[in-house]
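Here's the structure we're looking at; comments come further down.
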Amino acid sequence: MSKAMSRHQDAQLIPISFTLNGRLQEIDVEPHELLLDVVRERLGLTGAKRSCDVQVCGACTLLVDGRPVSACTTLAFEVRGRSVASDGKLHPLQDAFIEYGGFQCGFCTPGMILAAKALLDENPNPTEEELKHFMHGNICRCTGYKKIIESIMAAAKKMRAN
Ligand code: FES
Ligand code: FES
């Protein structure tokens, strides 16, 4: 690659800093680079998955300042200065998904759990209808949703009791 081309490409990079699971990250990103690629490929956190790639299935969900976003359609530079969370320590929701069989292949599970966490942070005692409405963007190809709903409702009950 010529020096001129290299300089041209370097000029395209955008320096950003943000926290990922509480740790400060400072990284140069390309203007079109997706948050999902930065988190998975460059920062090595693979809990969020790529599936539909068009903001439909929820498998790529990350929390940005506590709100669920589809990392497959979020540009990395958009999280500059913000707090991004991926999978962390075992949470009551994760326990419940294990106990109640809320997953089969597990592909949708990180997104399901993060979306459910966002709901329970806002509304610790949702009705089943409220839960279904909030989670309608998260798609599961395996479970038929019944066990996912049971898992989230059980986790909500346990979290309210603590
Ligand atoms: S991969 Fe992002 S919503 Fe499906
Ligand atoms: S458990 Fe397989 S897609 Fe949901």
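Can you name the condition, by its number, that GLY102 falls short on among (1) more than 18 Å from ALA48 (Cβ to Cβ); (2) at pLDDT below 95; (3) open to solvent by less than 10 Å² (accessible area, probe 1.4 Å)?
With (1) more than 18 Å from ALA48 (Cβ to Cβ); (2) at pLDDT below 95; (3) open to solvent by less than 10 Å² (accessible area, probe 1.4 Å) applied to GLY102, the lone miss is (1).
Looking for something more than 11 Å from ligand 2 (Cβ to nearest atom), touching a Leu at 6+ places or on another chain (Cβ under 9 Å), assigned to a loop (DSSP other than H, G, I, E, B) and outside the structural domain of GLY66 (by TED's automatic domain parsing) - is there at least one such residue anywhere in segment 132-141?
Yes, segment 132-141 contains a residue that is more than 11 Å from ligand 2 (Cβ to nearest atom), touching a Leu at 6+ places or on another chain (Cβ under 9 Å), assigned to a loop (DSSP other than H, G, I, E, B) and outside the structural domain of GLY66 (by TED's automatic domain parsing).
For the subset of segment 52-74 comprising residues that are charged (D, E, K, R) and within 15 Å of ligand 1 (Cβ to nearest atom), which member is modelled with the lowest pLDDT?
Step one: of segment 52-74, the residues charged (D, E, K, R) are 53, 65, 67.
So of that shortlist, the ones also within 15 Å of ligand 1 (Cβ to nearest atom) come out as 53, 67.
Details: ASP53: 84, ARG67: 89.
By that ranking, first place goes to ASP53.
Report yes if some residue within segment 75-96 is hydrophobic (A, V, I, L, M, F, W, C), under 18 Å from LEU119 (Cβ atoms), more than 13 Å from ligand 1 (Cβ to nearest atom) and not in a strand (DSSP E or B); otherwise report no.
The answer is yes; a qualifying residue exists.
Could you tell me whether any residue of segment 112-124 is within 16 Å of ligand 1 (Cβ to nearest atom), open to solvent by 40 Å² or more (accessible area, probe 1.4 Å) and either in a helix (DSSP H, G or I) or modelled with pLDDT of 90 or more (or both)?
So far as segment 112-124 goes, no, none of its residues is within 16 Å of ligand 1 (Cβ to nearest atom), open to solvent by 40 Å² or more (accessible area, probe 1.4 Å) and either in a helix (DSSP H, G or I) or modelled with pLDDT of 90 or more (or both).
State all residues of segment 22-59 that are open to solvent by 50 Å² or more (accessible area, probe 1.4 Å) and assigned to a helix (DSSP H, G or I); if no residue qualifies, say none.
ARG40, GLU41, ARG42
May I ask you to say which residue of VAL54, VAL84, VAL69, VAL79 is more than 12 Å from ligand 2 (Cβ to nearest atom), out of contact with any Lys or Arg (no Cβ under 8 Å at 6 or more places or on another chain) and without any contact (Cβ under 8 Å) to a residue 24 or more places away in the chain? Walk me through how you get there before you give the answer.
Numbers: VAL84 fails: without any contact (Cβ under 8 Å) to a residue 24 or more places away in the chain; VAL69 fails: without any contact (Cβ under 8 Å) to a residue 24 or more places away in the chain; VAL79 fails: without any contact (Cβ under 8 Å) to a residue 24 or more places away in the chain.
Sole residue among the options that is more than 12 Å from ligand 2 (Cβ to nearest atom), out of contact with any Lys or Arg (no Cβ under 8 Å at 6 or more places or on another chain) and without any contact (Cβ under 8 Å) to a residue 24 or more places away in the chain: VAL54.
Among (1) without any contact (Cβ under 8 Å) to a residue 24 or more places away in the chain; (2) within 16 Å of ligand 2 (Cβ to nearest atom); (3) charged (D, E, K, R), there is one condition LYS157 misses while meeting the rest; what is its number?
Tallying (1) without any contact (Cβ under 8 Å) to a residue 24 or more places away in the chain; (2) within 16 Å of ligand 2 (Cβ to nearest atom); (3) charged (D, E, K, R), LYS157 fails exactly one: (2).
Every residue in segment 97-111 that is without any contact (Cβ under 8 Å) to a residue 60 or more places away in the chain and part of a helix (DSSP H, G or I), please.
First, pick out the residues of segment 97-111 that are without any contact (Cβ under 8 Å) to a residue 60 or more places away in the chain: 97-109.
PHE97, ILE98, GLU99, THR109, listed by residue number.
Would you say LEU62 is within 20 Å of THR109 (Cβ to Cβ) and assigned to a helix (DSSP H, G or I)?
No: the conditions fail for LEU62.
The values are calculated or read from the model by the stated rules, or taken from the named source; none is laboratory data. This one's a predicted model, so the numbers in the text were calculated from it and none came from an experiment. With ideal geometry, Cβ positions are generated from the backbone for all residues, glycine too; neighbour counts draw on all protein chains shown. Heavy atoms of the whole protein, side chains included, go into the accessibility calculation; ligands, DNA and RNA do not. Shrake-Rupley method; radii C 1.70, N 1.55, O 1.52, S 1.80 Å.
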